[in-house]
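The values are calculated or read from the model by the stated rules, or taken from the named source; none is laboratory data. Bear in mind that the values here come from a model prediction, so they are computed numbers and not experimental data. Quick note on the areas: whole protein, heavy atoms, side chains included, nothing else; ligands and nucleic acids left out. Shrake-Rupley method; radii C 1.70, N 1.55, O 1.52, S 1.80 Å.
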Amino acid sequence: YVLIGQTFDATAVEPLGTYEVLPPGKYLVQIVASEMRVTKDGRGQYLYLELDVLEGKYTGRKLFDRLNLVNANPDTVQIAQRTLSSICRAVGKMQVSNSEQLT
């Protein structure tokens, strides 16, 4: 266990509401963080993306995605590549070599 440095009293703080999945639609978002990470089994890698919704009812919501670009399952890689292709097209960059180019 890890000490948190104080005694936390949950009765003094309103709990965070639950976030439901955003309904289907178009959203203006911005990639605010990204990095390549190793999969749990250590045999693959995924591009981790953190996105912020910038407009509309869900402004301020954070979204997260994991694109399994290096994986033993070719279907998993294809799904990740197709998602990355969609992102590239949305930002107008057809060829990227690093995730910074997607912002």
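Some points to look at:
- Choice from Asp75, Asp65, Asp41 with maximal GNM fluctuation in the chain (Cα, 10 Å cutoff): Asp41
- For Arg37, the accessible area of its heavy atoms, probed at 1.4 Å with every protein chain present, is near 80 square angstrom.
- 222 nm mean residue ellipticity, helices alone, for the chain (DSSP H n ≥ 4; -39,500 (n - 2.57); rounded to 500): -6000 deg cm²/dmol
- Among Ala33, Ala72, Ala12, residue whose mean-square fluctuation peaks in a GNM of the chain (springs only between Cα atoms under 10 Å): Ala12
- Cα-based Rg and Dmax for the chain, where Dmax is the largest Cα-Cα distance (Å): 17.6, 52
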